Amino acid sequence: MVEMSVLLEKMLIFLVLMVIGYALAKKGMLDKNSTRAISSLTINVFMCATIIGSGLGMDRSLSLAELGKLMLAVCAMQLTGYVVAAAVVRVTPGERERAPVFELLMSMGNSMFVALPIVQTLYGATASFYVALSCLPFNVLLYTYGVYRLKSGHGGGGLRVKDMLSTPLCATILSLLILLLHIPVPGAVRSLISAMAGATMPLSMLVIGASLGSVSLLDAFKNGRLYLASAVRLLLIPLVTWALLRLFVSDPELLMTMVIVAACPSAVLVTVLSVQYGRDAVFSAEGTLQNTALSLVTIPLLVWLLGS
């Protein structure tokens, strides 16, 4: 059972770091270029160290059968978000132009920046590895169906397979190979990876706050339609995920890790892609800011309700 005091303390730290990043962006001390540079450094260096370190920190080897079960769980979790979001868009009235952005706000969670540091604190290296595995179906779905939805009627070029091969995904594959092939890693390398991984959480939170610094907090909470997106992203999808996965996942740690990933706020990447494909990026940014703020309450609530 998760110690709620530990989780609440972690969420408070997240809040403070995000507020610092948001304030720095508002003051112009972190502009778009510097935020982009820090984000790139976090994703391509420190987050990869966390992913590889999670595999090295597992206290047991991984068989192909176990890997198959894990992949079934993470794929089911990611697909659930997309299916629920698509269903909600099709049964609720709204502007057709904003529908693809609205759908991706609900289906795309900020798992690597939010879930990874949370589960690392609550459950340790094994659960962190589960989160890392989730980036495999995340990338495939994002750069196939997600891009297709944003491009509908807007052009924007063809699908590029290389976009799926993000650095964290490559780090996940490397971590898998180390586990499956029992590749020895020297102690000095392990220490270096552990030291680098320590920077992931604070930099991730600063990047999230700074990325949302151009959005008005008041405007983000004035748009009533965005509350529906937040409710689906933060409550409905993780609850449906929990109900589905508990039918075949017996490991409570894996189950709650998948619930936390499913409960993450919308990925900032939705706004980036909205700009790229000519969609309403302001609407996307406001939705991301709103549900990121609300997730500081909903994630502990879900862990308390479902994790006991």
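At 0.36 nm per residue, minus the direct Cα-Cα distance, what do residue 217 and residue 91 gain on full extension? Give it in nm, one decimal, please.
42.5 nm
For the range 167-308, what is the relative contact order in percent, using Cα pairs closer than 8 Å and at least 6 residues apart in sequence?
Over the range 167-308, the number comes to 27 percent.
How large is the dipole of the range 96-255 about the Cα centre if only Lys and Arg carry +1 and Asp and Glu carry -1, each at its Cβ, rounded to the nearest 20 debye?
Approximately 380 debye in magnitude.
Using only Cα atoms, what is the ratio of the radius of gyration of the range 153-282 to 2.2 N^0.38 Å?
Ratio of Cα Rg to 2.2 N^0.38 Å: 1.37.
What is the magnitude of the charge dipole of the chain about its Cα centre, with +1 placed on the Cβ of each Lys and Arg, -1 on the Cβ of each Asp and Glu, and no other charges, expressed in debye to the nearest 20?
Here the chain has a charge dipole of around 560 debye.
For the chain, modelled as a GNM with alpha-carbon contacts under 10 angstrom, which of 98, 233, 90 fluctuates the most?
Largest GNM mean-square fluctuation: 90.
If we sort 138-148, 34-44 on the protection proxy, mean other Cβ atoms within 10 Å, highest first, what's the order?
Taking the mean over residues of other Cβ atoms within 10 Å, the ranking is 138-148, 34-44.
For a protection proxy built on the mean count of beta-carbon atoms within 10 angstrom, sort 276-285, 18-27 highest first, please.
Ranked from most to least packed, the peptides come out as 276-285, 18-27.
Quick check: pseudo-label points 7 Å beyond the Cα along Cα→Cβ at residue 251 and residue 185, how many nm apart are they?
With each label placed 7 Å out from Cα toward Cβ, I get 1.7 nm.
Given 10/151; 32/69; 27/222; 32/151; 26/222, which pairs have Cα atoms separated by over 29 Å?
From 10/151; 32/69; 27/222; 32/151; 26/222, over 29 Å: 10/151; 32/69.
Pairs of Cα atoms under 8 Å, at least six residues apart: use those to get the relative contact order of the chain, whole percent.
Rounded, it is 34 percent for the chain.
Using Cα pairs under 8 angstrom and six or more residues apart, how large is the relative contact order of the range 260-308, in percent?
It comes to 45 percent, rounded to a whole number.
Which of rounded, prolate or oblate describes the chain when judged by the alpha-carbon gyration tensor and an a/c cut-off of 1.5?
Rounded is the answer for the chain, as its axis ratio a/c remains below 1.5.
Only the coordinates and a few stated rules stand behind these numbers; no lab work does. Keep in mind that this is a model prediction, so the values were computed, not measured. FYI the Cβ positions are ideal-geometry reconstructions off the backbone, even for glycines, and counts take in every protein chain you see.
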